[in-house]
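Here is the structure we will look at.
The values are calculated or read from the model by the stated rules, or taken from the named source; none is laboratory data. None of these values were measured; they are calculated from a predicted model. Glycine gets a Cβ as well: all are built from the backbone with ideal geometry, and neighbour counts include every protein chain shown.
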């Protein structure tokens, strides 16, 4: 069974907030994120995912079960090009990794919003870079572009997918 995307309604924000805690736990290996006194990471993505027309929030589902989330928005965060989709945040729970769930969800995103895509990955997150390069290549039929990018002293790799080959 393929992974699917389910739009996240505003009323489902508490579910997303709980998944964000798992995401922050994983991401704390790549940036300083401290637990608060309540045992939670102080991470929130805000309301833009429900109020801005160019922001899109999805749950990733696999075998009809919640398996993660994807937050995407229109517009490059690197070049400000308006015709590019940006993967802002992407997360698959550990139990669903290495089973094709993330790749299927990424491909579903690319199909939902055809055209150019950018995925920014912290250079320290080698597993994420490997994942996005593979997902983009299997979707686009060719290796994606990958360029270094530095912002606020943080080294990133920007993986660019121009869209599938038309034959």
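Things to note:
- Filter pass, residue 147 being within 25 Å of residue 54 (Cα to Cα) and loosely packed, with under 13 Cβ neighbours inside 10 Å: yes
- Taking the criterion of being part of a strand (DSSP E or B) and more than 15 Å from the chain's Cα centre (by Cα), the residues of the range 4-62 that qualify are 35, 41, 62.
- Residues being surrounded by fewer than 18 Cβ atoms within 10 Å (Cβ to Cβ), touching a residue at least 12 places away in the same chain (Cβ under 8 Å) and more than 21 Å from residue 122 (Cβ to Cβ) - total across the range 14-45: 3
- Hits in the range 64-82 (condition: assigned to a strand (DSSP E or B) and either surrounded by fewer than 13 Cβ atoms within 10 Å (Cβ to Cβ) or free of Cβ contacts under 8 Å to residues at least 12 places away in the same chain (or both)): 65
- Checking 59, 41, 27, 69 one by one, the residue that is under 23 Å from residue 156 (Cβ atoms) and at pLDDT 95 or above is 69 and no other.
- The one condition in (1) surrounded by fewer than 11 Cβ atoms within 10 Å (Cβ to Cβ); (2) at negative phi that residue 133 fails to fulfil: (1)
- Test for residue 48: is it surrounded by fewer than 21 Cβ atoms within 10 Å (Cβ to Cβ) and either under 22 Å from residue 147 (Cβ atoms) or modelled with pLDDT of 95 or more (or both): no
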